[in-house]
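Visitor: Questions regarding the structure given below will be posed in turn.
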Amino acid sequence: MWNRFVKITTFWASKLLARLLPPRRQPLPRQARLILVFSTIGIGDGLFDSAAIHSLKFGHPRAKLIVCAHRTRQAVALHNPFVDEVVPFGKSPLRQLRLLWRFRRDRPDLVVVLHVNEEVYPLAYWINRNATVTYANLYERFAFLAAHPVKVEDTRHDVVMPLKVAQYAGGSAVAPRMIYEVKVEESAAIRRRFADWIDHPYVVFQTGGGRIFFWRDWPVENYVTIIRWFSGHFPHKVVLTGGVENLERANTMERACPGVINLAGKTTLVETAALLQLTKMLLSTDTGILHLGFAIGCPVVCLLHDLCPAENLCPLDRSARYVALQLKRSHPRPPPNARDMEGISCDEVKLAIGDMLCAR
């Protein structure tokens, strides 16, 4: 109830501000001095924005490019070589006041708003309301606060949309691919931590996503079936990954399949990325880890709900190695539920895994 009150109050206060001090659509700088990019939601969204950051850096090569990322998910921006500095974003008023104070003193001459929480829009408005660029497809409610709202009409791909916004803001044409570079010391650290098995062939099974989008998860009993089948057909070890919210699912799989290596809740995002760099294959539903696998370039078998179309999520690079199994519901209009993903059968997944590993 309180959160809803805050959202409504923020919206109407922003409406009043925009009427009193409207953003002016002034020409954007051709060669910016300082660029501030907001990319503050999830792991996958941060990766979708990574190509846009690449584009901005190439289009404004002399600019310092700062990314404001959620304080618990800064790793994505920190592993993008085109980012000069990462500053944490938090929803608390104190954190936002600190950001405002910093960037009002050293004002960016270009502010680019990509995948963000709605709270970012008033903040970007106060930092530089006349040079804020955003895409309006997802956040039309607050587009009136931006001097340059960009409507992307010809694509729904989650990498291409922010990339087109970056190009509007003076970014260069770059490959529409997600970027995450594992550091040498991170690979060395993961080898030391798991020295007893890391040099043997292994596959990674991401056990689930977050609680909000639970309907994207594949049933636990299907994972168990696949793990048992896999262990009888391939010499690879099976490594289970996931956050603390996936512990119950991962522990159930471990009890049913004692030979697995259960790392759910035991590795950071940075460590998981290092594991993906060395794995023979990743099996995942639509999670941040799926997109991390795409960015790193490991072979992927992805299980996608019909509300998560493969054409909007999967790599556009023809050299990418992945198999996308797309759920087909007979009545896709009703709200999704926890049993939907039963529609992707174990036989389909077995065939996809076999094709992926036997082709190597």
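The values are calculated or read from the model by the stated rules, or taken from the named source; none is laboratory data. Here the structure is a predicted model, which means the values were calculated and not measured. For neighbour counting, all protein chains shown are included, and Cβ atoms are generated from backbone atoms with ideal geometry for every residue, glycine included. Accessible surface is based on the protein model in full, side chains and every heavy atom, while ligands, DNA and RNA are left aside. Shrake-Rupley method; radii C 1.70, N 1.55, O 1.52, S 1.80 Å.
Visitor: Identify all residues within the stretch 51-95 that are assigned to a helix (DSSP H, G or I) and open to solvent by 50 Å² or more (accessible area, probe 1.4 Å); write none if there are none. Don't jump to the end; show me each part of the working.
Guide: Let us first name the residues in the stretch 51-95 that are assigned to a helix (DSSP H, G or I), namely 51-59, 75-78, 93-95.
If the condition is that a residue be assigned to a helix (DSSP H, G or I) and open to solvent by 50 Å² or more (accessible area, probe 1.4 Å), then Phe58, Leu78, Pro93, Leu94, Arg95 are the ones that fit.
Visitor: Another question about this same structure. Would you be able to say whether some residue in the stretch 271-279 is of a type in the set (D, E, K, R), closer than 23 Å to Pro315 by Cα and in contact with a strand residue (DSSP E or B) (Cβ under 7 Å, 6 or more places away or on another chain)?
Guide: Within the stretch 271-279, none of the residues are of a type in the set (D, E, K, R), closer than 23 Å to Pro315 by Cα and in contact with a strand residue (DSSP E or B) (Cβ under 7 Å, 6 or more places away or on another chain).
Visitor: Now for a separate question. So which of Thr155, Thr134 is within 30 Å of Arg19 (Cβ to Cβ), within 20 Å of the chain's Cα centre (by Cα) and either among the hydroxyl-bearing types (Ser, Thr, Tyr) or surrounded by fewer than 16 Cβ atoms within 10 Å (Cβ to Cβ) (or both)? Spell out the reasoning first.
Guide: Details: Thr155 fails: within 30 Å of Arg19 (Cβ to Cβ).
It is Thr134.
Visitor: Moving on. Listed residues Thr241, Thr252; which is of a type in the set (Val, Ile, Thr), within 12 Å of Gln206 (Cβ to Cβ) and at pLDDT 95 or above?
Guide: Thr241
Visitor: While we're on this one: Report, by residue number, each residue of the stretch 237-260 that is among the hydrophobic types (A, V, I, L, M, F, W, C) and open to solvent by less than 30 Å² (accessible area, probe 1.4 Å).
Guide: First, pick out the residues of the stretch 237-260 that are among the hydrophobic types (A, V, I, L, M, F, W, C): 238-240, 244, 247, 250, 253, 256-257, 260.
Listed by number, the residues that qualify are Val238, Val239, Leu240, Ala250, Met253, Cys257, Val260.
Visitor: OK, next. Kindly provide the set of residues from the stretch 159-189 that are part of a helix (DSSP H, G or I) and either open to solvent by 30 Å² or more (accessible area, probe 1.4 Å) or under 20 Å from Val270 (Cβ atoms) (or both), ordered by number.
Guide: Correct list: Lys164, Gln167, Tyr168, Val184, Glu185, Glu186, Ser187, Ala188, Ala189.
Visitor: Moving on to the next point. Give the stretch 264-284 a look and list any residue that's within 24 Å of Ala352 (Cα to Cα), open to solvent by 10 Å² or more (accessible area, probe 1.4 Å) and of a type in the set (A, V, I, L, M, F, W, C), or say none.
Guide: Listed by number, the list holds a single entry, Leu278.
Visitor: Let me ask you something else. Return the residue satisfying two criteria in turn: it lies in the stretch 190-214 and is part of a helix (DSSP H, G or I) and more than 18 Å from the chain's Cα centre (by Cα), and of such residues it is surrounded by the fewest Cβ atoms within 10 Å (Cβ to Cβ).
Guide: Among residues in the stretch 190-214 that are part of a helix (DSSP H, G or I) and more than 18 Å from the chain's Cα centre (by Cα), the one surrounded by the fewest Cβ atoms within 10 Å (Cβ to Cβ) is Arg192.
Conditions tested, residue by residue: (1) of a type in the set (Ser, Thr, Tyr); (2) within 19 Å of Pro149 (Cα to Cα); (3) under 20 Å from the mean Cα position of the chain (by Cα).
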{"site": "Thr40", "(1), (2), (3)": "yes, yes, yes"}
{"site": "Ile43", "(1), (2), (3)": "no, no, yes"}
{"site": "Asp49", "(1), (2), (3)": "no, yes, yes"}
{"site": "His54", "(1), (2), (3)": "no, no, yes"}
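Visitor: Tell me, please, whether a residue that is within 21 Å of Gly208 (Cβ to Cβ), of a type in the set (Asp, Glu) and open to solvent by 10 Å² or more (accessible area, probe 1.4 Å) can be found in the stretch 310-322.
Guide: no
Visitor: Checking Lys350 against (1) over 20 Å from the mean Cα position of the chain (by Cα); (2) buried (at least 16 other Cβ atoms within 10 Å of the Cβ), only one condition comes out false. Which one?
Guide: Here Lys350 meets the rest and fails (2).
Visitor: If you don't mind, another one. Quick one: would you say Ile127 is under 25 Å from Pro61 (Cβ atoms), in a helix (DSSP H, G or I) and more than 18 Å from the chain's Cα centre (by Cα)?
Guide: Answer is yes for this residue.
Visitor: Tally time: how many residues in the stretch 290-300 are open to solvent by 20 Å² or more (accessible area, probe 1.4 Å) and under 14 Å from the mean Cα position of the chain (by Cα)?
Guide: Keep residues of the stretch 290-300 that are open to solvent by 20 Å² or more (accessible area, probe 1.4 Å), which gives 294, 296-297.
In the following step, the residues that additionally are under 14 Å from the mean Cα position of the chain (by Cα) were identified as 294, 296.
Count: 2.
Visitor: From the list Thr272, Thr287, Thr268, which one is within 16 Å of the chain's Cα centre (by Cα), hydroxyl-bearing (Ser, Thr, Tyr) and within 18 Å of Ala324 (Cβ to Cβ)? Walk me through it before giving the result.
Guide: Details: Thr272 fails: within 18 Å of Ala324 (Cβ to Cβ); Thr268 fails: within 18 Å of Ala324 (Cβ to Cβ).
Of Thr272, Thr287, Thr268, the one residue that is within 16 Å of the chain's Cα centre (by Cα), hydroxyl-bearing (Ser, Thr, Tyr) and within 18 Å of Ala324 (Cβ to Cβ) is Thr287.
Visitor: For the stretch 17-28, check the following and say yes or no: at least one residue is in contact with a strand residue (DSSP E or B) (Cβ under 8 Å, 6 or more places away or on another chain), crowded, with 16+ Cβ neighbours inside 10 Å and not in a loop (DSSP other than H, G, I, E, B). Steps first, answer last, please.
Guide: Just the residues of the stretch 17-28 that are in contact with a strand residue (DSSP E or B) (Cβ under 8 Å, 6 or more places away or on another chain), to begin with: 23, 25, 28.
Pick out the ones that are also crowded, with 16+ Cβ neighbours inside 10 Å and you get 23, 28.
Narrowing further to those that are not in a loop (DSSP other than H, G, I, E, B): none.
For the stretch 17-28, residues in contact with a strand residue (DSSP E or B) (Cβ under 8 Å, 6 or more places away or on another chain), crowded, with 16+ Cβ neighbours inside 10 Å and not in a loop (DSSP other than H, G, I, E, B): absent.
Visitor: Out of all the residues in the stretch 352-359, is one or more within 28 Å of His79 (Cβ to Cβ) and touching a His at 6+ places or on another chain (Cβ under 8 Å)?
Guide: Checking the stretch 352-359: at least one residue is within 28 Å of His79 (Cβ to Cβ) and touching a His at 6+ places or on another chain (Cβ under 8 Å).
Visitor: Just to check your reading of the model, which residue among Lys151, Lys183 is among the basic types (Lys, Arg) and touching a residue at least 60 places away in the same chain (Cβ under 8 Å)?
Guide: Working: Lys151 fails: touching a residue at least 60 places away in the same chain (Cβ under 8 Å).
Checking each option against the conditions leaves just Lys183.
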